[in-house]
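Right, one structure below, let's go through it.
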Amino acid sequence: MTTATTTQHSASVLFAQALRYENRADPYPCYEQLRSRPVVCMEDGTWLVSGHREISLLLRDPRISADRRNPQQQQIRKSLLVEDPPRHDQLRRLVTEEFVPRVTGMRDHIDALVTGLLDAHMSEQPGQLDVVGDLAYPLPVTVICALLGVPREDERLFGSLARRLTRGLDPVDTQTEEELRELQQARGELIEYLEGLIARHDATDGDDLLSGLMRAQGPDGPMDPVDLRVTLGLLLIAGHETTVNLIANGTLALLRHPDALARLRTDPELATPLVEEVLRYDPPVQMSGRSTLADIDLAGTTIPKGARVRLLLAAANRDPHRFPDPDRFVPDRPDNAHLGFGGGIHYCIGATLARAEAQIALTALARRLESPRLLADPPPYRENAILRGPERLAVSFDRLVPDSRMT
């Protein structure tokens, strides 16, 4: 076996190990070994990029495409998440102009939702909390549905659909035939629902995001119905699934680092850098896919044109060449240029909203749960390897401290 073949085999084995469910609670040792070669080709021809410098360069390189689908799928309309310029820029501009003004000033609303969720749950089951089911999931789904104009009674529908659809982000060879069939069914259900929602919406009177997108005018006029549906689906699913993991991963980090929890309890301003450290230390999105439009020389090797590329964001976030003592959780880490929200033209549109939800939720948990402790460590994790987070996060505590701001 040649040196190149041995390297490809080793990378393939390590990447497969990182995706295995038994390593879901801690894939970082696999990432650490992969970083020994920050750019490497696997046996199937996919290139893995794990270095912070290398990923940062690729995220801003016009020779790399966000579209990593099979060529046979090219006729399918794409969301801006996997679209390239100039079409990406046109769609993103329309969405950003409608999204950002509505997100600005939502902190009080988010704060009230967090308070209500904690108070309502504690009246039913005092002393124990599933951070995922009782807070991390219902908070962002309520926020994004209200923002978009989805009826409150339809929120539960998206819990089921989102879980089934996000499993489809993982490599196909990690999914069962049943999961693949379920994915196709979920896509059909989402399309049917969104088409009905758009048909029922009154763009002339509504002040929600869907109404705004229906009225928005780009260089070529308003979004056509298919673009509108695809964009709406992206915002609904991506708008809450990643935030669920961010809040859960952040809570887990705090409970494993009681000094940080104690600091946040007395200093709510710490929430801002702390959430950035969660995004670095244990990001909700572990990796992203790309493809190359030309040969790219990087880290002493050449990624050829037409290659599939996996950007291992979580590995780059613990790159010791960029972050001192990268495996340590430092809640006020300076110069924290993490890749938790990606980078370049595809930087997460919802980053501001996700940050606000996580900052408010984690601060409330630190302030109001007296002596919180994990009931299972590690907790059970979701099947998803790419959108990685606990399935449940059971916490016990002595009491729910009344919200002093309400007295």
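One table, with the values for the structure above:
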| read-out | value |
| --- | --- |
| Residue that is least open to solvent (accessible area, probe 1.4 Å), among those in region 333-351 that are more than 16 Å from Pro283 (Cα to Cα) and over 15 Å from the mean Cα position of the chain (by Cα) | Gly344 |
| Answer residue from region 153-173, given it is open to solvent by 50 Å² or more (accessible area, probe 1.4 Å) and at pLDDT below 85 and is farthest from the chain's Cα centre (by Cα) among those | Asp173 |
| Failed criterion for Val230 (all others in (1) of a type in the set (A, V, I, L, M); (2) buried (at least 18 other Cβ atoms within 10 Å of the Cβ); (3) over 23 Å from the mean Cα position of the chain (by Cα) hold) | (3) |
| Selection count where residues are in a loop (DSSP other than H, G, I, E, B) and out of contact with any Pro (no Cβ under 8 Å at 6 or more places or on another chain), scope region 36-61 | 10 |
| Residue check for Pro283: more than 30 Å from Gly306 (Cβ to Cβ) and touching a residue at least 24 places away in the same chain (Cβ under 8 Å) | no |
| Selection within region 370-400 - assigned to a loop (DSSP other than H, G, I, E, B), hydrophobic (A, V, I, L, M, F, W, C) and over 30 Å from Leu311 (Cβ atoms) | Leu375, Ala376, Phe397 |
| Helices (runs of 4 or more DSSP H) lying entirely in region 226-330 (those with 3 or more residues that are touching a Gly at 6+ places or on another chain (Cβ under 9 Å)) | 271-281, 313-316 |
| Given (1) modelled with pLDDT of 95 or more; (2) buried (at least 21 other Cβ atoms within 10 Å of the Cβ); (3) closer than 30 Å to Glu179 by Cβ, index of the condition Ala385 fails | (1) |
| Filtered residues of region 56-85 (kept if modelled with pLDDT of 90 or more, of a type outside the set (D, E, K, R) and open to solvent by 30 Å² or more (accessible area, probe 1.4 Å)) | Leu57, Pro62, Pro85 |
| Residue in region 217-227 that is open to solvent by less than 10 Å² (accessible area, probe 1.4 Å) and either out of contact with any strand residue (DSSP E or B) (no Cβ under 8 Å at 6 or more places or on another chain) or farther than 30 Å from Pro331 by Cα (or both) present | no |
| Extreme residue, least open to solvent (accessible area, probe 1.4 Å), among residues of region 179-215 that are acidic (Asp, Glu) and at pLDDT 80 or above | Asp208 |
| Of all residues making up region 197-222, the number that are within 27 Å of the chain's Cα centre (by Cα) and free of Cβ contacts under 8 Å to residues at least 12 places away in the same chain | 1 |
| Count - residues of region 190-207 that are in contact with a helix residue (DSSP H, G or I) (Cβ under 6 Å, 6 or more places away or on another chain) and over 12 Å from Val230 (Cα atoms) | 2 |
| Top-ranked residue in region 277-309 [being buried (at least 20 other Cβ atoms within 10 Å of the Cβ) and charged (D, E, K, R); ranked as nearest to Ile64 (Cα to Cα)] | Arg290 |
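The values are calculated or read from the model by the stated rules, or taken from the named source; none is laboratory data. Computed from a predicted model, the values in this text were never measured in an experiment. Neighbour counts are summed over all protein chains in view; Cβ atoms, including those assigned to glycine, are modelled from backbone coordinates with ideal geometry. These area figures cover heavy atoms from the full protein model, side chains too; ligands, DNA and RNA do not enter into them. Shrake-Rupley method; radii C 1.70, N 1.55, O 1.52, S 1.80 Å.
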